[in-house]
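Read the structure below first, then the notes.
The values are calculated or read from the model by the stated rules, or taken from the named source; none is laboratory data. Everything numeric here is computed off the predicted structure, so don't read it as measured data. As a convention, Cβ positions derive from the backbone with ideal geometry for all residues, glycine included, and neighbour counts pool all protein chains shown.
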Amino acid sequence: MNRPFFAKRDLFWAALVFAAVTVVFCLLTRQGGSPSVAEVRVGDRVVAELRLTEAGVFTDPALPDMVIETEKGRVRVRSSGCPDQVCVHTGWISRPGEAAVCLPNRVSVTVRAEDQDRWIAG
Amino acid sequence: MLAGFILWDLFAHRKAEPYRTSDYLMDAYVTQTVYDGDAKAAADAVRELIHTEEAQFSRYLDTSDIGRINASAGEPIAVSPETASLLSECRAFSARFPELNGFALTIGSLVDLWGFGTDAPHLPNEDEIAAAVGRIGDDALTVSDQISLPLSAGRLDLGGVAKGYAAGHALSVYREFGVTSAVLSLGGNIAVLGQHPNGAPFEIGLRDPSGAEQELAGQFRITADCVIATTGGYERYFEENGVRYHHVLDPKTGYPADSDLLSVTVVSQNGGLADYLSTALFVGGKQAVLSHLDGEDYAVLAIDADQTIYLSDCLRDCFTPEKGFALAEVTP
């Protein structure tokens, strides 16, 4: 007895596998990849949170001679008036935990995953 | 069924993405999360509101109402309705709580003396402090169509109440734009409107006053419109000769409040009241907090150095302490 190469029952199993893969894909893509933000601090104080999905430059009187740039999910200190230029030479950073630090100005730019619905009183 | 799941996934989850903003206003980091209504227009209007109130209330701006009053002490000054309203509210709070004397509008000269708000805060000498304390007295302030501050009085400083007041105003603005669900964070003052669109209460963390910025003492679950205002000595301070001096000055002594509490949080629909009371009760300390736990239009939560939390009964069901913190058993 010759079994057909592709029986109706095979079609059923193929559709089931396809559906399972699709569902898993949807769940994974929905929960993963939360956008990142760059937290800009002067000393202990957070002066800005920059969304890395938005291209732009950030300047502030609290950050003397410093220009911070964001684009395409990454951030860098584009220019700084500090003497050592370590923060500028750090270049683009994009992964949560990465930081560009300017010790002379006591400024840090740290990438972290964006907490979508987290607020802290105090 | 598969197509249905994909459509549900696409729309049920991504449609509810709120409109978010972040700004630096009133010398503070400000975020807005607006879930419904005309979200962008509402957020823009709230940003403009805070910017406007900063331009009216900041005493560091020569053109602000408060800056002009301070510069023209001795002469009546016409101010915006918002400034007159805020000053009147503060006077009303002081009349309502005469037993609390930890808040003073005329504390500005004392704050200047200590250098808070500058790059060089420092410990003044005793005579200077005594002289500045002698100038504090809000009764000298005349609030009507025009504001009059005697030359001999201390300068005005609304730092202890302006952010909470603005946060409360923001709730009204959100409503005007059809918003029923939003959260505003204004330098640690949180304004909550409605509930999360998923039906759950908004969860608002409360900062651990002796921990790092992201460490929590507990979590609020907020189900009603309100402003949450907190005062603590950890917010701004300097050290001199090994002693830490925080920025919450006691108008009676002229020195940083010798409070037996690390932070006081007040929850109220009236943002100005919440901010006012959090300052006054922090300065007043534990006894003042314990005698003000049963407010009709506010609730109080205070944390001491033993990580004991004293709170109004109405907060017990909506506040969960973090590990290491304990709720005081007896609240008079």
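Within the range B:196-216, the residues that satisfy the criterion of being within 18 Å of the chain's Cα centre (by Cα) and acidic (Asp, Glu) are B:208, B:213. Reported count of residues in the range B:196-224, each being assigned to a strand (DSSP E or B), among the charged types (D, E, K, R) and either at the interface with another protein chain (Cβ under 8 Å from one of its Cβ atoms) or buried (at least 24 other Cβ atoms within 10 Å of the Cβ) (or both), is 2. From the list B:162, B:167, which residue is within 12 Å of chain A (Cβ to nearest Cβ) and buried (at least 21 other Cβ atoms within 10 Å of the Cβ)? Result of the check over B:162, B:167: B:167. Annotation note: of B:298, B:310, B:237, the sole residue that is surrounded by fewer than 17 Cβ atoms within 10 Å (Cβ to Cβ) and among the aromatic types (Phe, Trp, Tyr) is B:237. Screening residue A:37 with (1) farther than 16 Å from residue B:30 by Cβ; (2) outside any loop (DSSP other than H, G, I, E, B); (3) modelled with pLDDT of 85 or more gives one miss only, at (1).
Conditions tested, residue by residue: (1) under 14 Å from the mean Cα position of the chain (by Cα); (2) within 14 Å of chain A (Cβ to nearest Cβ).
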position	(1), (2)
B:194	no, yes
B:226	yes, yes
B:258	no, no
B:270	yes, no
B:274	yes, yes
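All of (1) within 14 Å of another protein chain (Cβ to nearest Cβ); (2) assigned to a helix (DSSP H, G or I); (3) of a type in the set (S, T, N, Q) hold for residue B:56 with one exception: (1). All of (1) buried (at least 18 other Cβ atoms within 10 Å of the Cβ); (2) more than 16 Å from residue A:118 (Cα to Cα); (3) more than 10 Å from chain A (Cβ to nearest Cβ) hold for residue B:176 with one exception: (1).
Residue count for the range B:182-192 under the criterion of being touching a residue at least 40 places away in the same chain (Cβ under 8 Å), more than 8 Å from every other protein chain (Cβ to nearest Cβ) and at negative phi: the result is 4.
Looking only at the range B:218-242, residues that are farther than 16 Å from residue B:256 by Cα and in contact with a Ser or Thr (Cβ under 8 Å, 6 or more places away or on another chain) come to 8 in all. Within the range B:95-113, the set of residues being assigned to a helix (DSSP H, G or I) and farther than 13 Å from residue B:160 by Cα comprises B:95, B:96, B:109, B:110, B:112, B:113. Taking the range A:36-50 as the range and being within 20 Å of the chain's Cα centre (by Cα) and either of a type in the set (A, V, I, L, M, F, W, C) or within 12 Å of chain B (Cβ to nearest Cβ) (or both) as the test, the residues that pass are A:37, A:38, A:39, A:40, A:41, A:46, A:47, A:48, A:49, A:50.
Out of all the residues in the range A:79-122, which are surrounded by fewer than 15 Cβ atoms within 10 Å (Cβ to Cβ), in contact (Cβ under 8 Å) with a residue 60 or more places away in the chain and more than 16 Å from the chain's Cα centre (by Cα)? Residue satisfying the conditions is A:106 alone.
Restricting attention to the range A:51-78, the residues that are within 12 Å of chain B (Cβ to nearest Cβ) and among the basic types (Lys, Arg) total 1. Looking at B:106, B:142, which is the one that is more than 14 Å from chain A (Cβ to nearest Cβ), of a type in the set (S, T, N, Q) and touching a helix residue (DSSP H, G or I) at 6+ places or on another chain (Cβ under 7 Å)? Checking each option against the conditions leaves just B:106. Remark: residue B:157 falls outside the filter, which requires a residue to be free of Cβ contacts under 8 Å to residues at least 12 places away in the same chain and either part of a loop (DSSP other than H, G, I, E, B) or surrounded by fewer than 18 Cβ atoms within 10 Å (Cβ to Cβ) (or both). Looking across the range B:66-87 at every residue that is part of a loop (DSSP other than H, G, I, E, B) and more than 23 Å from the chain's Cα centre (by Cα), the one that is surrounded by the fewest Cβ atoms within 10 Å (Cβ to Cβ) is identified as B:74. With the structure loaded, tell me whether residue B:105 is closer than 30 Å to residue B:228 by Cα, in contact (Cβ under 8 Å) with a residue 60 or more places away in the chain and under 24 Å from the mean Cα position of the chain (by Cα) or whether it fails that test. So residue B:105 fails the test. Check whether at least one residue in the range B:149-160 is modelled with pLDDT under 95 and of a type in the set (S, T, N, Q), and report yes or no. Within the range B:149-160, one or more residues are modelled with pLDDT under 95 and of a type in the set (S, T, N, Q).
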